[in-house]
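What follows is one structure encoded as structure tokens, with my remarks underneath.
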Amino acid sequence: MEDKGHIIVTGGVGYIGSHTVVELLACGYIPIILDSLENSDPVILKGIKKITGITPIFHKVNICSIDAMKESLRDYRNIKGIIHFAAYKAVGESTSEPLKYYKNNVGGVMEILQLMKELKIPNLIFSSSCTVYGQPDTLPVNEQAPIKPAESPYGRTKQMCEDIIHDFVVANNEFRSVSLRYFNPVGAHSSALIGELPQGIPNNLVPFITQTAYGIRKELMVFGSDYDTTDGSCIRDYIHVVDLAKAHITAMDRLITESNKEKFEIFNLGTGRGSSVLEMITAFKEVNKVPLPFIITNRRPGDIEQVWSDTKHANEELGWKAEKGIKEMLQSAWEWEKYYRQNILVEA
Ligand code: NAD
Ligand code: UD1
């Protein structure tokens with residue numbers, strides 16, 4: 001296969017990063033993973049090797065240090081771009097430890113931009129979030145919707161990073177960037193060899209579902225059933241992580257071929273379809289044929305009622321569309337949970 005050049009993938013051992021590394025390898029790019037392993041396990045690198053047959057290039061390094069990154073990168077030429085996943089993402093923790101989040105997420109982006117400047121790396125894909133919209137005034141939400149005051153320091157770091165990257169690429173002719181606003185990434189690779197590995201008690205819905213079905217958690221708590229939605233539970237736009245990963249390759253190709261229309265572009269990455277928490281529970285039980293005990297509890301502070309994506313811009317301008325549905329998301333998440341517990345944890 002044609003060698004399309006090196007792509008730096010910060011946070012490439014993490015959940016979305018590892019799935020993106022698999023897709024980059026499949027497309028002929030050579031990813032260079034930079035990850036501190038603060039929120040990931042190197043066992044995922046073995047999973048990538050099993051899927052692709054290739055041992056990915058990996059450097060254990062903190063992206064908050066430009067000197068450490070330069071040291072790791074000194075032997076590579078032809079670096080075409082950076083996909084920047086590395087960040088902290090626990091919303092609750094960001095409220096109690098805001099400085100940790102500003103330092104890593106905002107400080108990290110500043111180091112990445114400086115690195116681009118010093119090593120003359122022209123292209124950057126940034127991991128943003130639909131959290132920047134808060135509770136949108138109209139649904140589905142498109143990229144022109146106003147940015148609402150952030151609900152958490154985590155959300156604010158995403159808003160700040162987008163502004164910083166915008167200012168940087170506008171001021172420097174040779175650089176361009178795409179910010180991808182993810183909706184709710186779930187699921188795992190179809191091989192079940194890589195997937196989401198939350199540390200401790202999961203905050204997010206789907207890992208909590210799979211751990212409960214496996215018997216690690218007693219019951220799932222549904223946070224609120226009195227919202228103004230069809231069944232009273234919150235609605236989100238869940239998107240398969242492999243669909244999401246593929247969008248990064250499409251966006252990187254776009255930048256490398258200079259097909260971008262603006263120096264800083266933003267795309268929503270969702271399916272355009274909202275699912276309620278109760279619908280997710282029913283679908284999980286149906287598709288995997290396992291019981292899932294749950295109780296209804298109080299609303300979770302900071303949760304928005306409902307959000308789903310307007311996918312028109314990503315479909316028509318980026319040329320990307322989510323293909324996988326809720327069933328594939330919940331089936332692959334369950335297969336990964338079982339594989340991880342029965343194989344990876346046992347071997348470790
Ligand atoms: P993750 O925690 O699984 O992966 C992040 C990776 O970055 C981890 O491997 C971690 O060790 C690494 N990392 C963190 N700080 C680092 C540093 N200073 N230096 C080097 N490595 C560092 O998270 P994820 O779910 O894969 O998310 C990836 C990106 O997508 C993040 O920026 C996150 O904010 C964003 N995002 C995630 C979601 C989601 O629901 N998962 C939604 C919207 C946006
Ligand atoms: C959360 C973050 C968001 C971040 C995203 C990715 C908040 C308020 N938002 O999104 O900023 O970008 O994670 O990390 O934290 N639910 C339950 N029971 C559970 C867990 C979740 O009912 O045990 C419900 C929630 O109320 C929500 C839905 O499931 O309605 C999805 O929750 P979650 O997976 O945490 O994602 P978000 O809250 O959408």
Checklist entry - Would you say residue 132 is assigned to a helix (DSSP H, G or I), more than 20 Å from the chain's Cα centre (by Cα) and more than 26 Å from residue 68 (Cα to Cα)? => result no
Next on the checklist: Every residue in segment 267-317 that is closer than 30 Å to residue 254 by Cα, exposed (fewer than 15 other Cβ atoms within 10 Å of the Cβ) and touching a residue at least 24 places away in the same chain (Cβ under 8 Å), please.
Outcome noted: 312
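Can we say residue 32 is of a type in the set (Val, Ile, Thr), assigned to a strand (DSSP E or B) and at pLDDT 95 or above? It would help to see each step written out before you state the result.
Values: of a type in the set (Val, Ile, Thr): yes; assigned to a strand (DSSP E or B): yes; at pLDDT 95 or above: yes.
Judged against the criteria, residue 32 is a match.
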Checklist entry - What do you reckon, is residue 203 modelled with pLDDT under 95 and within 13 Å of ligand 1 (Cβ to nearest atom)? => result yes
Checklist entry - How do the strands (runs of 3 or more DSSP E) wholly within segment 139-255 filter down when requiring 2 or more residues that are surrounded by 18 or more Cβ atoms within 10 Å (Cβ to Cβ) and under 14 Å from the mean Cα position of the chain (by Cα): which remain? => result 176-182, 184-186, 238-240
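Table: residues versus (1) of a type in the set (Val, Ile, Thr); (2) within 30 Å of residue 170 (Cβ to Cβ); (3) out of contact with any Phe, Trp or Tyr (no Cβ under 9 Å at 6 or more places or on another chain).
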{"site": "210", "(1), (2), (3)": "yes, no, no"}
{"site": "227", "(1), (2), (3)": "no, no, yes"}
{"site": "244", "(1), (2), (3)": "no, yes, no"}
{"site": "255", "(1), (2), (3)": "no, yes, yes"}
{"site": "263", "(1), (2), (3)": "no, yes, no"}
{"site": "270", "(1), (2), (3)": "no, yes, no"}
{"site": "282", "(1), (2), (3)": "yes, no, yes"}
{"site": "288", "(1), (2), (3)": "no, no, no"}
Checklist entry - Cβ-Cβ below 6 Å, separation at least six or inter-chain, first residue in segment 1-16 and without any contact (Cβ under 8 Å) to a residue 60 or more places away in the chain, second buried (at least 17 other Cβ atoms within 10 Å of the Cβ): which pairs? => result 13/35; 13/40; 13/44
Checklist entry - Looking at 251, 333, 245, which is the one that is over 30 Å from residue 215 (Cβ atoms) and touching a residue at least 60 places away in the same chain (Cβ under 8 Å)? => result 251
Item to check | Sole exception among (1) within 21 Å of the chain's Cα centre (by Cα); (2) within 16 Å of ligand 2 (Cβ to nearest atom) for residue 328, by number | outcome: (2)
Checklist outcome for this item: With the first residue restricted to segment 84-102 and required to be at pLDDT 95 or above, and the second required to be among the acidic types (Asp, Glu), Cβ contacts under 9 Å at 6 or more apart or on different chains are 85/35; 86/35; 86/38; 88/38; 88/97; 100/93; 101/93
Next on the checklist: Show the residue pairs meeting these rules: Cβ distance below 7 Å; 6+ apart or different chains; first residue within segment 185-198 and free of Cβ contacts under 8 Å to residues at least 60 places away in the same chain; second residue of a type outside the set (Ser, Thr, Tyr) and not in a loop (DSSP other than H, G, I, E, B).
Outcome noted: 198/207
Next on the checklist: Whether any residue in segment 335-348 is modelled with pLDDT of 95 or more, hydroxyl-bearing (Ser, Thr, Tyr), buried (at least 20 other Cβ atoms within 10 Å of the Cβ) and more than 25 Å from residue 230 (Cβ to Cβ) is what I want to check.
Outcome noted: yes
Item to check | Enumeration of residues in segment 289-325 that are away from ligand 1 (no atom under 16 Å from the Cβ) and not in a loop (DSSP other than H, G, I, E, B) | outcome: 294, 295, 296, 297, 306, 312, 313, 315, 316, 317, 318
Checklist entry - For segment 311-332, what are the residues that are in contact with a strand residue (DSSP E or B) (Cβ under 6 Å, 6 or more places away or on another chain) and closer than 30 Å to residue 95 by Cα? => result 329
Next on the checklist: Against the definition (within 16 Å of ligand 1 (Cβ to nearest atom), in a helix (DSSP H, G or I) and under 30 Å from residue 5 (Cβ atoms)), how does residue 112 come out, yes or no?
Outcome noted: yes
Checklist entry - Pairs under 7 Å by beta carbon, first residue under 18 Å from residue 135 (Cα atoms) in segment 147-171, partner more than 13 Å from ligand 1 (Cβ to nearest atom) and part of a helix (DSSP H, G or I), six or more apart or different chains? => result 152/95; 153/95; 153/98
Item to check | Count of residues meeting criterion [surrounded by fewer than 14 Cβ atoms within 10 Å (Cβ to Cβ), more than 16 Å from ligand 2 (Cβ to nearest atom) and assigned to a helix (DSSP H, G or I)] in segment 71-106 | outcome: 2
Item to check | From 224, 155, residue being small (Gly, Ala, Ser) and within 16 Å of ligand 1 (Cβ to nearest atom) | outcome: 155
Checklist entry - Looking at residue 264, is it at pLDDT 95 or above and surrounded by fewer than 23 Cβ atoms within 10 Å (Cβ to Cβ)? => result yes
Next on the checklist: Looking only at segment 1-55, filter to residues that are crowded, with 21+ Cβ neighbours inside 10 Å, under 21 Å from residue 110 (Cβ atoms) and not aliphatic (A, V, I, L, M); which one of those is nearest to the chain's Cα centre (by Cα)?
Outcome noted: 17
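The values are calculated or read from the model by the stated rules, or taken from the named source; none is laboratory data. Treat the numbers as computed from the prediction; the structure is a model and nothing was measured. Methodologically, a virtual Cβ is constructed for each residue, glycine included, from the backbone with ideal geometry; neighbour enumeration extends over all protein chains shown.
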